[in-house]
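Data block below; observations after.
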Amino acid sequence: MTTPTLLGISGSLRKASTNTKLVREAARLFGDCTYVEADLHMPLYDGDVEASEGVPEAAQLIARQIAEADAVVISTPEYNKAPPRCVEERAGLGQPGRGASVGRQTRRRDIRGCRTGRG
């Protein structure tokens, strides 16, 4: 039996962010796995740049990481009851034919949302 690969995506770029801590704790609780933390440091999406230069390598890397992972855990701030647009763009969420669907059939097994506080 192979060790599963867990990809962690934090919607905050700060080193000591609560979201990064939550992703790492989820990886610890997940158990025996190969844990990879995605790097969301990349330029904003620009269709003109993509048309002339192709998809940036950093965006291709995260798409490959999502496609190759056995499980993905995302912890991100919420704005107006949705993840920030930059997280959606980088993870390829909501973009048919892009992002995680590159390379293999995408399987959505379980998506859970939770929030703290009121709302």
Please verify whether region 26-34 includes one or more residues that are in a loop (DSSP other than H, G, I, E, B), of a type outside the set (S, T, N, Q) and in contact with a Cys (Cβ under 6 Å, 6 or more places away or on another chain). no
Take GLY47 and tell me if it is more than 16 Å from the chain's Cα centre (by Cα) and either at pLDDT 90 or above or at positive phi (or both). no
For region 1-59, enumerate the residues that are β-branched (Val, Ile, Thr), out of contact with any helix residue (DSSP H, G or I) (no Cβ under 9 Å at 6 or more places or on another chain), more than 23 Å from PRO77 (Cβ to Cβ) and in contact (Cβ under 8 Å) with a residue 24 or more places away in the chain. THR3, THR34
Can you tell me which residue in region 2-37 is surrounded by the most Cβ atoms within 10 Å (Cβ to Cβ), limited to those that are acidic (Asp, Glu) and over 14 Å from the mean Cα position of the chain (by Cα)? GLU25
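The values are calculated or read from the model by the stated rules, or taken from the named source; none is laboratory data. Predicted model, so just to flag it, every value in this text is computed and none were measured. As a convention, Cβ positions derive from the backbone with ideal geometry for all residues, glycine included, and neighbour counts pool all protein chains shown.
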